[in-house]
1. So LEU42 clears everything in (1) surrounded by 10 or more Cβ atoms within 10 Å (Cβ to Cβ); (2) modelled with pLDDT under 90 except one condition, right? Which one?
2. Condition first: in a helix (DSSP H, G or I) and small (Gly, Ala, Ser). Now tell me which residues in segment 1-23 satisfy that.
3. Can you name the residue in segment 1-24 that is β-branched (Val, Ile, Thr) and surrounded by fewer than 10 Cβ atoms within 10 Å (Cβ to Cβ) and, of all such residues, is modelled with the lowest pLDDT?
Amino acid sequence: MPQRVFWCTFEGLVAIALLIGGGLTSLQAMVISTGLPFTVILLLICYCILRGLMSEKRA
């Protein structure tokens, strides 16, 4: 529980600092830059799952 509170507080403070420092555009840039690598990893995982399911033998 304390770890969850820490991370929620930390993320909130980072978002507030970005809004104060550079406005909404800096916050949007941060969200895109952190979400893009995660999207690439998810697409790779989807491809691997699809490839694995295609190679399974049918009963």
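1. Just one mismatch for LEU42, condition (2).
2. From segment 1-23, those in a helix (DSSP H, G or I) are 2-22; that's our starting set.
GLY12, ALA15, ALA17, GLY21, GLY22, listed by residue number.
3. Narrowing segment 1-24 to residues β-branched (Val, Ile, Thr): 5, 9, 14, 16, 20.
Imposing the further condition that a residue be surrounded by fewer than 10 Cβ atoms within 10 Å (Cβ to Cβ) reduces the set to 5, 20.
On the way: VAL5: 94, ILE20: 85.
Taking the candidates together, the pick is ILE20.
The values are calculated or read from the model by the stated rules, or taken from the named source; none is laboratory data. Everything numeric here is computed off the predicted structure, so don't read it as measured data. Note that each Cβ is placed from the backbone with ideal geometry, even for glycine, and that neighbours are counted across all protein chains shown.
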